[in-house]
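Here it is: the structure, laid out below.
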Amino acid sequence: MKCNPDHDFVVWWYGQFVKNPFGHALPHVEALMRRLHSDHSWGGFHLQSFGVTSLPQLRIGSVWRDKRSSTQLAFDVREFSVDFSDGGYDFVSQREHFAKHGMPLLPEGAHPLQNHELDPSQILRLKVGPDRWLLVPCTEFLARCYGRSGKANRLLCQYHVDAARAMMVSASGAPRTEVWPIKIHPGLYKSDAVLLAHLLFDPVTELRARHIYAGIESVQHQHRGAGGAAVAGHDELANGSVLSYWRENGSAHPKVHPWFSGPARLRVEGVEVGDGAFLALRITGCSLPNGPEIEVEYDAALTKLDDGYDDAAEGSAVPAGSAAQGDKIAPLTDISSPGAPAQALEILDPAFEVLGDVREVKVRTVKSDHKSGPKIPATEAEKFSAAERGGGRAVEGARVGYASHHSPVSLERFGTLWAVWRGLKFLVSQLPDQLVSLGWYTTATGLMRDASAGTSAPDDAPLLEPLPITLLADAEASPATKATQRWASMHQGESVTPRGVLIACVETPTEAVFVLELQRRVTIDERGLQKELDRLCGLVVVTERDRNPGTWLPGLLTAIMSSEGIMKKVLPLCPTRNCSDFSHQPPRVGRSRAGDVWARNALDKAGLTLPKLEDLYRDLDGRTSRSSS
């Protein structure tokens with residue numbers, strides 16, 4: 001079978017895990033793809049194979065054509081309170097359920113599968129009420145809840161948990177009641193810190209994580225030699241011959257346990273499947289466990305694109321790392337491994353929201369004894385792999401770069417950015433004739449219109465555009481550049497998490513109003529409440545509706561970073577003269593919400609004449625009272 005590049009195919013379901021016989025190359029997962037015809041009717045099913053690190057990119061419901069995906073199916077959004085303690089969940093497969101009860105687990109019309117009664121894929125079943133269940137495919141839970149980086153997923157699938165843990169994290173000191181000190185190893189992220197700390201110090205996490213590799217390793221694999229054909233790019237989506245190779249070498253369906261015990265919350269997208277059950281096809285948010293503060297130590301000599309390959313003896317390669325964004329599709333390989341002096345690339349996976357209280361994580365960088373040799377240019381890569389350097393086939397490994405998969409965290413539901421976003425949503429909902437639509441923009445996604453604006457649908461948190469930090473070694477960066485990098489990072493002394501920028505777009509019948517807000521650093525006060533540390537102005541820019549923001553936003557973001565967020569300095573660089581900075585004064589005494597005040601102030605600076613908030617609130621109260629009567 002070959003997926004025609006001129007046709008649309010939807011990722012419909014995840015299947016079996018298979019080990020990769022080529023050294024340290026990626027473990028694979030099979031996916032059930034379904035043809036989507038141009039008239040929106042459904043066609044047949046096809047199986048495809050891809051690397052485990054590609055799971056966040058190939059979400060269930062994503063629509064693919066010619067190795068690209070720009071849209072996905074819309075599912076119902078739900079948020080559930082669950083219990084990850086023993087007894088709060090179990091596992092079920094459609095094969096087991098059919099054999100036991102003589103009927104399918106998933107009703108025929110809910111999310112139809114090919115030969116569903118034979119499907120052995122494991123499903124995590126969580127009790128969410130009397131005779132109420134949340135069903136989550138184990139593969140989706142692994143990809144979205146076990147850390148934020150593709151490397152964490154890969155190592156837990158590829159190695160015994162003791163070996164995988166040693167490659168990801170180590171203790172930087174003795175654990176204390178109030179603090180867990182850890183050192184995160186190259187290729188992982190601060191957002192992985194909570195999982196890694198529990199993997200190191202929490203026996204429940206260690207025990208449950210063991211099931212992943214054990215479930216894959218339990219299947220015996222017969223090495224067939226090096227006869228499999230190499231596939232460039234995401235050709236696994238276009239070449240069914242690879243599939244038969246993996247399937248003939250064995251498969252597995254591991255049970256993926258929640259990695260911590262106790263109450264939790266999950267935000268999911270999926271479908272109702274019969275009485276009292278909801279099938280979660282995509283996970284978009286999860287809470288974190290409570291526990292001691294986590295103190296993270298980073299090696300200042302390494303970057304987030306390092307994968308632990310120590311090439312000091314040969315001279316250290318200079319990574320030309322950047323995020324894969326927009327229409328620039330990185331050619332990925334799921335079979336080969338990166339070569340030693342090869343280019344590095346960061347790949348941003350779909351964002352993930354942390355629900356509830358945010359675990360305290362403090363970061364500090366240290367200067368290690370890492371001695372690098374003379375710098376040599378990185379080999380320009382023809383394609384990228386998330387496997388280990390030097391672990392693949394030597395014939396083509398030298399032209400394969402290192403791909404670092406990472407899921408950014410979407411806008412937190414706290415602080416100035418969230419208040420402004422909520423304020424814009426309110427104004428758009430109340431003034432549909434003046435304010436036609438609301439959306440948000442990143443270079444990776446383009447302009448995304450907010451479907452829930454003006455409705456009772458759940459709030460979707462927009463993604464943030466990271467400031468364009470260029471990672472330079474100490475010897476290459478001037479003091480001014482270092483200071484700018486520190487300001488542009490979310491954590492002092494750490495240059496791996498850029499500040500995000502909310503780029504909201506309010507469309508009028510004739511214009512597009514862009515509202516830019518910078519992410520603030522946050523601390524916890526003595527009462528345990530979050531408090532913003534930065535006092536920053538916002539920026540509003542008005543353009544024609546059909547003007548492409550990609551032609552002017554990158555340069556403006558660079559200027560904002562260089563000016564360290566002083567918006568008045570970047571006004572001469574805006575694409576039109578209709579632009580202004582705006583402040584965030586606290587609302588006067590009354591019922592006005594801060595975010596509504598700030599959003600209206602921004603649109604006022606854009607030259608829009610809007611009613612007073614008091615009048616909008618009064619009109620809203622009148623409509624509410626009439627509808628209730």
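The values are calculated or read from the model by the stated rules, or taken from the named source; none is laboratory data. This one's a predicted model, so the numbers in the text were calculated from it and none came from an experiment. Cβ coordinates were reconstructed from backbone atoms using ideal geometry, including for glycine residues, and neighbour counts include every protein chain displayed. The area values use the complete protein model at the heavy-atom level, side chains included, leaving out ligands, DNA and RNA. Shrake-Rupley method; radii C 1.70, N 1.55, O 1.52, S 1.80 Å.
Consider PRO181 against the criteria (1) within 30 Å of ASP119 (Cα to Cα); (2) at pLDDT 90 or above; (3) open to solvent by less than 10 Å² (accessible area, probe 1.4 Å); (4) not polar (S, T, N, Q): it satisfies all of them except one. Which criterion is unmet?
Here PRO181 meets the rest and fails (1).
Pick out, from region 56-164, the strands (runs of 3 or more DSSP E) lying fully within it that include 3 or more residues that are closer than 26 Å to ARG35 by Cα.
The strands (runs of 3 or more DSSP E) meeting that bar are 62-65, 68-72, 132-137.
Does any residue of region 83-102 turn out to be open to solvent by less than 30 Å² (accessible area, probe 1.4 Å), within 30 Å of LEU447 (Cβ to Cβ) and modelled with pLDDT under 90?
No, region 83-102 contains no residue that is open to solvent by less than 30 Å² (accessible area, probe 1.4 Å), within 30 Å of LEU447 (Cβ to Cβ) and modelled with pLDDT under 90.
Looking at this structure, is LEU188 crowded, with 21+ Cβ neighbours inside 10 Å and part of a loop (DSSP other than H, G, I, E, B)?
yes
Picking from GLY173, GLY228, GLY215, which residue would you name as being open to solvent by less than 40 Å² (accessible area, probe 1.4 Å), at pLDDT below 90, under 17 Å from ARG364 (Cα atoms) and out of contact with any His (no Cβ under 6 Å at 6 or more places or on another chain)?
Of the residues listed, the single one that is open to solvent by less than 40 Å² (accessible area, probe 1.4 Å), at pLDDT below 90, under 17 Å from ARG364 (Cα atoms) and out of contact with any His (no Cβ under 6 Å at 6 or more places or on another chain) is GLY173.
Conditions tested, residue by residue: (1) surrounded by 18 or more Cβ atoms within 10 Å (Cβ to Cβ); (2) not in a strand (DSSP E or B); (3) not assigned by the TED database to the domain that holds LYS362.
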{"position": "ASP534", "(1), (2), (3)": "no, yes, yes"}
{"position": "GLY550", "(1), (2), (3)": "no, yes, yes"}
{"position": "GLY565", "(1), (2), (3)": "yes, yes, yes"}
{"position": "ARG577", "(1), (2), (3)": "no, yes, yes"}
{"position": "SER580", "(1), (2), (3)": "yes, no, yes"}
{"position": "PRO587", "(1), (2), (3)": "no, yes, yes"}
{"position": "GLU614", "(1), (2), (3)": "no, yes, yes"}
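Based on what the data block shows, is SER81 more than 25 Å from the chain's Cα centre (by Cα), assigned by the TED database to the domain that holds LEU281 and touching a residue at least 60 places away in the same chain (Cβ under 8 Å)?
no
Would you please list the contacts, defined by Cβ atoms under 7 Å and residues six or more apart or on different chains, that run from a residue in region 134-158 that is touching a residue at least 24 places away in the same chain (Cβ under 8 Å) and surrounded by 24 or more Cβ atoms within 10 Å (Cβ to Cβ) to a residue that is part of a helix (DSSP H, G or I) and of a type in the set (Gly, Ala, Ser)?
Pairs found: ARG148/SER191; ASN153/ALA143; LEU156/ALA164; LEU156/ALA209.
Filtering region 593-612 down to residues that are among the small types (Gly, Ala, Ser) and part of a helix (DSSP H, G or I), which residue is farthest from THR416 (Cα to Cα)? Walk me through how you get there before you give the answer.
Initial filter on region 593-612 (among the small types (Gly, Ala, Ser)): 594-595, 599, 602, 606-607.
Keeping just the survivors that are part of a helix (DSSP H, G or I) gives 594-595, 599, 602.
Working: ALA594: 9, GLY595: 7, ALA599: 10, ALA602: 13 Å.
The selected residue is ALA602.
Now for a separate question. How many residues does region 28-74 contain that are open to solvent by less than 30 Å² (accessible area, probe 1.4 Å), over 25 Å from GLN158 (Cα atoms) and either among the polar types (S, T, N, Q) or assigned by the TED database to the domain that holds ARG144 (or both)?
Residues flagged as open to solvent by less than 30 Å² (accessible area, probe 1.4 Å), over 25 Å from GLN158 (Cα atoms) and either among the polar types (S, T, N, Q) or assigned by the TED database to the domain that holds ARG144 (or both) within region 28-74 amount to 1.
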